[in-house]
Amino acid sequence: MIALKLPRLTGFCHRLVRPFAAAAAGALLLTGLGFDQSASARARDNLAIATPFEVGDSPAGNYLAALIAGAERDTLAAATFFRETLRYDPRNPELIERAFVASLANGNMPDAFGLADRLLQREANNGLAHLALGIRAIKQHQYPGARNSLSKGGAGRQRDITATLLTAWSYAGAGDYKRAIAQVDRLKDEGFGTFRDFHAALIADLAGNVAEATKRFQAAYNSEKSTLRLVDAYARFQDRHGHRDEAIRAYEAFDQILPRHPIVTAALADLRAGKLLEPLIRTADQGAAEVLYGLGAVGGRQGDELAAIVYLRLSLYLSSKNGLAIITLADIFERLKQYEQAIEVYDSVADDSPLRVNADIQTALLLETLGKTDEAQKRLQDIVNEKPKNEEALTALGNLQRSRKQFADAAATYTKALELSSKPEKSLWSLYYYRGIAYERQKAWTKAEADFKKALDLFPDQPLVLNYLGYSWVDQGTNLDEAFKMLRRAVELRPTDGYVVDSLGWAHYKLGQYDQAVKELERAIELKSSDPVINDHLGDAYWRVGRKLEAHFQWNHARDLKPEPEDLDRILKKIDNGLPDHDKPAAAEAEPKKQNESKNGG
């Protein structure tokens, strides 16, 4: 045996189970778009893309590897390396704690619960371990044991939103609904008002107390009508109690806020087909999972990724059919650049879920990010073939084709997506914008210009469109007054966007206004120093104002930043020969438009 010296996790597990700030807690229910779905084995071929790794023979080496994996939120590697390290020092409480947290974050619940038991033998007040065992007790319907664990989180624990609501759901699981609602009502802070009424409504609905559920749902809905999770629960309740028109109205009102969300689309289709909607929460397990899902969703938004992952794993342990918890967890891994884990989580969304297509789209985009281009395009094409009227899938495919410079295919795909919409909507601006880029890159300017103008009709102050169309007009020497107004407005709207500032500077350059071009392009470099196009532009502007040494420096820097091959040839010529005096600004190709397309165009 060896005793590893580990840095102390001062208060970590205790802090993790404390509630988020009161203002954030009020948003817990306001984060979700949830919908039930099966996380069972899928019929499609599973994607085997995980990078293999092996544990070593050195405990210290495994420990360091675990620390690095944990810092990168590679939960699988962290859990593996911590467990291997623990074999050599099985009584080390800090190491047990780290292995426990890593196993929990990785979703390995048998390991996590076993480690929680071991941890509490050495650290009786560990809050996260008590929370985990409380969740296990709820899952096993051992409700007194659950409350016992949940009550051991330290001073003031009864005021903790986590313990309060989970305890309430434990009473609901035992059939003591009156006490459950009383427990929820201990949340006196007005910042918790909507959240309190939401959970009280869910419990009352589960109990069959229609009057109380109606009162609480109405209070929650009246205070927050722009949150899909609440709207979904409210509309489902209304439908089941004979108010189908109100359910449709609630969904349609939300559709005005966030058009064509798949959950709303599916629910409206069911309502119009005469199907009765199921309640959002049907068991106490699902109710407790809802609490944990809300905490995890808020934690992910606030940047507390580890806490968010832990809460979401616990939520999915209680309710593996919560599709939105799956999507939220995958999104966190995606933001952490743990793309392989994100794909694995996305792939667990059920085939019959309204969110399945969205999960497949995200998987395809992540495959592209990982360099698996053939797999990415095939998956998107398969989605479009199976769901030819799905706008999101068509848009994603069009974006992929555009990024690969398949502009004719991209334009055709965007056209199919636009044909699915029966009326102009503000949200369609991006499709016209993307199709305009595809047309412009095919040199079909008349079509491109019409699409850019249509995008601005739908979204008049959209800075990306203002930037692209304004620069294009300057490049062509037409509509100059309006073009500069557009570019200046784009910079006003996005003053910290180096690409937008670059377009304004380059427009000044194109018109021979070199001093002003230098001023704007220097600003753009400050905002985006690593872009080869902006460095190239600033080099040209420096040359024109006589700052030739600085021009060479910028061109050399642009060369080293791996520009496009066609740009590199031009940059190398300038490094060797500079800019010819007879060369006019209009001769400086349309590289900014390529930049706008690749950087600003999404």
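The values are calculated or read from the model by the stated rules, or taken from the named source; none is laboratory data. Model, not experiment: these values are computed from the prediction. Here Cβ is always computed from backbone atoms with ideal geometry, including for glycine, and neighbour counts include all displayed protein chains. With ligands, DNA and RNA removed, areas are computed over all heavy atoms of the protein, side chains included. Shrake-Rupley method; radii C 1.70, N 1.55, O 1.52, S 1.80 Å.
Structure values in brief
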{"read-out": "Cleavage-rule hits, GluC sites (Glu not before Pro), the stretch 414-498, DSSP coil, Cβ neighbours within 10 Å at most 14", "value": "GLU425"}
{"read-out": "16 Å tail of the calculated P(r), the stretch 241-314, as % of Cα pairs", "value": "62"}
{"read-out": "Normalised convex hull volume, the stretch 436-582, alpha-carbon set, Å³ per residue", "value": "113"}
{"read-out": "Surface accessible to a 1.4 Å probe, per residue, for the residues of the stretch 204-257, Å²", "value": "42"}
{"read-out": "Backbone HN-Hα couplings from phi across the stretch 488-496 [Karplus 6.51/-1.76/1.60, Hz, Gly and Pro as x]", "value": "5, 5, 4, 5, 4, 6, 9, x, 9"}
{"read-out": "Equivalent ellipsoid, the stretch 458-498 (semi-axes from 5 times Cα gyration tensor eigenvalues, Å)", "value": "17, 11, 8"}
{"read-out": "Summed side-chain charge close to TYR171 - residues other than TYR171 whose Cβ falls under 13 Å, Lys, Arg +1, Asp, Glu -1", "value": "+2"}
{"read-out": "Alpha carbon centroid spacing (whole Å) that separates the stretch 82-146 from the stretch 236-299", "value": "35"}
{"read-out": "Probe 1.4 Å - accessible area at PHE198, Å² to nearest ten", "value": "0"}
{"read-out": "Pair-distance profile P(r), taking every C-alpha pair of the stretch 492-554, with 5 angstrom steps and integer %", "value": "4, 24, 32, 24, 12, 3, 1"}
{"read-out": "For the stretch 485-562 and the stretch 375-440, distance of Cα centres in Å", "value": "32"}
{"read-out": "Amide H partners (placed H, <5 Å) of ASN322, local residues excluded", "value": "GLN37"}
{"read-out": "Solvent-accessible surface ranking, highest first, for TYR251, TYR499 at 1.4 angstrom", "value": "TYR499, TYR251"}
{"read-out": "Whole-Å semi-axes of the stretch 67-219's equivalent ellipsoid (Cα gyration tensor)", "value": "35, 15, 14"}
{"read-out": "Trypsin sites (Lys or Arg not before Pro) restricted to DSSP loop in the stretch 248-328 with at most 16 other C-beta within 10 Å", "value": "ARG260, LYS275, ARG282"}
{"read-out": "Heavy-atom SASA rank of ASP515, ASP239 (probe 1.4 Å, accessible area, largest first)", "value": "ASP515, ASP239"}
{"read-out": "For ALA408, net neighbour charge (Lys/Arg +1, Asp/Glu -1) across residues whose Cβ lies under 11 Å away", "value": "+2"}
{"read-out": "Hz values of 3J(HN,Hα) by residue in the stretch 199-206 - Karplus curve (6.51, -1.76, 1.60), Gly and Pro given as x", "value": "6, 4, 5, 4, 5, 4, 5, 4"}
